[in-house]
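Structure first, then comments.
The values are calculated or read from the model by the stated rules, or taken from the named source; none is laboratory data. Predicted model, so just to flag it, every value in this text is computed and none were measured. FYI the Cβ positions are ideal-geometry reconstructions off the backbone, even for glycines, and counts take in every protein chain you see. To get the accessible areas, we keep the full protein, side chains included, count just its heavy atoms, and leave off ligands, DNA and RNA. Shrake-Rupley method; radii C 1.70, N 1.55, O 1.52, S 1.80 Å.
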Amino acid sequence: MSTDFRLKTGLADMLKGGAIMDVTNAEQARIAEDAGAVSVMALERVPADIRRDGGVARMSSPEKIREIIASVSIPVMAKVRIGHFVEAQILQEMGVDFVDESEVLTPADEENHIDKHAFEVPFVCGCRNLGEALRRIGEGAALIRTKGEAGSGNIVEAVRHLRRIGNELRRLTILTDDELMSAAKELRAPYEIVRMVARDGRLPVPNFAAGGVATPADAALCMQLGAESVFVGSGIFKSTDPEQRAKAIVKAVTHYRDPAMLVEVSMGLGEPMRGLDIATMPEEELLQTRGN
Amino acid sequence: MGAIPETTTVDLRPGPAPSPAPPRIGVLALQGSFALHAAVLRRLGIEAVEVRRAAALEGLDGLIIPGGESSTMLKFLLEEDLFDPLTAFHREGGALYGTCAGAILLARSVENPAQESLGLLDIEIQRNGYGRQLESHVGACPCPVLGEPDLPLVMIRGPVISDTGPGVEVLAAWRGAPAFVREGRVLATTFHPELTDDTRIHAYFLKLAHETRQTTAGKKSGTILG
């Protein structure tokens, strides 16, 4: 592992056991920080609004990002479109701490992701399975998150992705060395990384959950399924009481194995965001199928 | 780096142990790199206790406050009433070691921006003293108390110690500022040894916790947590 890469994954390590919250302006960023978020994710519109409004979703404006950076002391992340390396150059130049190459925005390249090794700023990328995770790591991602189904308020897809990654990881560990090349071919992932994962039984970068977290229980569920932190998108600012819900999710991530604490933090939160039934959604409305 | 003051060398070689029982160590597990600290301790033969509530401090000889976001951890300390139990833990003889965010929480005073802190270590500290993530860096610095080789140093949005009180020993410095300090049974680093393979600082802390335990044995009551 190169020195640079240790600095990239090192920041992800420091964000473990925390909640990272989507924010669209300085006021929301301060609410998130006051609630105990470990980081905020700057974007133009939260995923539920992107879903509702349609059109092309792009990187947030530099003014908004600057405003958010100036308003909080915690690390600031921001989203770029898949493959849009110039948006990433702009974010790096502005001093953003982590870049999310995200399926939530409209992809700029339907074939290629960004060469993330070329940047000093660390990247996080979404995935639905182990092969996708390892391809992103091969491209230089320092942090992996599930895609889930952003803006749906429905945890089912994040659970599916966490379970699948865990299952595929465990299967790799029981293969013999001479079976790993074939496994790499099936996973469509770099052989060297497949070997490393088979040996260690875990990803070489931290693994967080994202997509559909709406309640403290959703956040704790992701943690118990092996996620090391939780991204919360629309779940905070599409609920009726963002301050209280943000605090409750922060506490649920820390005390994720403490049912008494989960009871306490789940009370008095008002209404969560309204969710969508993913099983009845048309395929073309899914965000998770973007990038692969 | 000639500015490092002379310090008493601590012998890290396993000598005749004054007590056969290893020290009992906890890692504050509210957020951050607590699992990485526990992994380093495991390499040194210690199974650490994850501390999320005050009750878990009972019976510990030492506590590590890990790296992470100090503002997040501070919310927990304030809202879940951990301030007094941690202060009592120190007063009753517990050893403490804070890395990065942990150093910030232990400090006497915090700037950039100002925030509350435990005040168990007489230092003034600047959050994100080097700047944002793009200013994160690695290096190596001499540390006479630990001997050769130099200490590898990983700084992630690290803080900078801008002032130390008279009782604070500077055990290593980086770019002109104290980076590894000790005051009595409290240690702090502005960098992250838990991100490297070097276990010497953790071994030093274990020895400190062990010695502290010898001197406070029998003094500790079972009521420090109120």
Top-ranked residue in the stretch A:161-219 [being under 30 Å from A:ALA252 (Cβ atoms) and of a type in the set (Asp, Glu); ranked as most open to solvent (accessible area, probe 1.4 Å)]: A:ASP200
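Against the definition (modelled with pLDDT of 95 or more and over 15 Å from the mean Cα position of the chain (by Cα)), how does B:ALA173 come out, yes or no? Reasoning before the result, please.
Details: modelled with pLDDT of 95 or more: yes; over 15 Å from the mean Cα position of the chain (by Cα): yes.
Answer is yes for this residue.
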Residues that are open to solvent by less than 30 Å² (accessible area, probe 1.4 Å) and farther than 17 Å from A:VAL213 by Cα, drawn from the stretch A:260-280: A:MET261
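Every residue, every condition in (1) among the aliphatic types (A, V, I, L, M); (2) touching a helix residue (DSSP H, G or I) at 6+ places or on another chain (Cβ under 8 Å); (3) open to solvent by less than 30 Å² (accessible area, probe 1.4 Å), yes or no:
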| residue | (1), (2), (3) |
| --- | --- |
| A:ASN25 | no, yes, no |
| A:ALA29 | yes, yes, yes |
| A:GLY36 | no, yes, yes |
| A:MET41 | yes, no, yes |
| A:ALA57 | yes, yes, yes |
| A:PRO62 | no, yes, no |
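Going by what's in this entry, would A:GLU87 be described as of a type in the set (Asp, Glu), part of a helix (DSSP H, G or I) and either buried (at least 22 other Cβ atoms within 10 Å of the Cβ) or more than 11 Å from chain B (Cβ to nearest Cβ) (or both)?
Numbers: of a type in the set (Asp, Glu): yes; part of a helix (DSSP H, G or I): yes; either buried (at least 22 other Cβ atoms within 10 Å of the Cβ) or more than 11 Å from chain B (Cβ to nearest Cβ) (or both): yes.
Yes.
What number of residues within the stretch B:134-160 are open to solvent by less than 10 Å² (accessible area, probe 1.4 Å) and either among the polar types (S, T, N, Q) or not in a loop (DSSP other than H, G, I, E, B) (or both)? Step through it out loud before you land on a result.
At the first step, the residues of the stretch B:134-160 found to be open to solvent by less than 10 Å² (accessible area, probe 1.4 Å) are B:141, B:143, B:145, B:151, B:153-156, B:158-159.
Filter again for either among the polar types (S, T, N, Q) or not in a loop (DSSP other than H, G, I, E, B) (or both), leaving B:141, B:151, B:153-155.
Number satisfying all stated conditions: 5.
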Criterion violated by A:GLU111 - all others in (1) buried (at least 23 other Cβ atoms within 10 Å of the Cβ); (2) out of contact with any Cys (no Cβ under 7 Å at 6 or more places or on another chain); (3) acidic (Asp, Glu) satisfied: (1)
Unmet requirement for A:ARG45, which otherwise passes all of (1) more than 13 Å from chain B (Cβ to nearest Cβ); (2) at pLDDT 95 or above; (3) surrounded by fewer than 23 Cβ atoms within 10 Å (Cβ to Cβ); (4) not in a helix (DSSP H, G or I): (2)
A:ILE137 being hydrophobic (A, V, I, L, M, F, W, C) and free of Cβ contacts under 8 Å to residues at least 12 places away in the same chain: no
Test: residue in the stretch B:117-129 that is facing chain A (nearest Cβ under 8 Å), of a type outside the set (Lys, Arg) and under 13 Å from B:LEU74 (Cα atoms): no
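Scan the helices (runs of 4 or more DSSP H) fully inside the stretch B:54-123 and keep the ones with 2 or more residues being modelled with pLDDT of 95 or more and buried (at least 24 other Cβ atoms within 10 Å of the Cβ). I'd like the intermediate steps shown before the answer.
Working: elements: B:70-79, B:83-91, B:101-106.
The helices (runs of 4 or more DSSP H) meeting that bar are B:70-79, B:101-106.
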Per-region count, the stretch B:137-155, residues in contact with a Gly (Cβ under 7 Å, 6 or more places away or on another chain) and at the interface with chain A (Cβ under 10 Å from one of its Cβ atoms): 1
